[in-house]
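Contents: one structure, followed by commentary.
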Amino acid sequence: MLNEVTRNTFRFLTLLLIQVLIIKNIELGRFINPFIYVLFIILLPFETSRLLLLVLAFLMGLSVDMFYDTLGMHASASVFMAFCRPRVFKFFSPREGYTVGAQPTIHSMGATWFISCSLLLIFIHHLTLFYMEVFRFSEFFSTFFRVIMSTLFTLGLCLLSQYLVNGKPGRG
């Protein structure tokens, strides 16, 4: 239990620092805005209670908001993503269900499962964040293109980090 708390605390701080110190300062154009911090929400254990999941997502989003000066937009997008996470995981669950102690990582669940779940969750986060930021229909298609491009780039960063940290994936 203590090992899991330590691992997730380290992951929280590491992803937050990567987001605000490195990714925030890289200019990738108007349509690509990656947010690697969402990986923290995706990688929380399956057994995480819904309340704790929402609280941790709020804290991560609020921490990013402090550095991006976005007044709660990351917090609300992160909370909405965390709210949808159990439903997404249930939709993509194996027929026999998740084994006790399994982690939502590419190594534990396989590449196909991880890509499917992460793609949908990142898309939900980015859709919420970018449309809340624009908050008008006049830029609907350009914002949607930004959502797609940023989702794909963020997914690529998440996959890269999974391969760097965990090595070759298990099944999938």
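Observations on the model:
- Tally, over the stretch 56-88, of residues that are modelled with pLDDT under 95 and crowded, with 17+ Cβ neighbours inside 10 Å: 1
- Condition check for residue 40: surrounded by fewer than 15 Cβ atoms within 10 Å (Cβ to Cβ), in contact with a helix residue (DSSP H, G or I) (Cβ under 9 Å, 6 or more places away or on another chain), at pLDDT 95 or above and assigned to a helix (DSSP H, G or I): no
- Selection from the stretch 60-71 of residues that are in contact (Cβ under 8 Å) with a residue 40 or more places away in the chain and farther than 14 Å from residue 14 by Cβ: 67, 68, 70
- Subset of the stretch 93-107 [out of contact with any Pro (no Cβ under 8 Å at 6 or more places or on another chain), closer than 22 Å to residue 123 by Cα and crowded, with 16+ Cβ neighbours inside 10 Å]: 105
- Within the stretch 94-109, considering residues that are touching a residue at least 60 places away in the same chain (Cβ under 8 Å) and of a type outside the set (Gly, Ala, Ser), the one farthest from residue 8 (Cα to Cα): 109
The values are calculated or read from the model by the stated rules, or taken from the named source; none is laboratory data. None of these values were measured; they are calculated from a predicted model. So basically every Cβ, Gly included, is an ideal-geometry build from the backbone, and we count neighbours across all protein chains shown.
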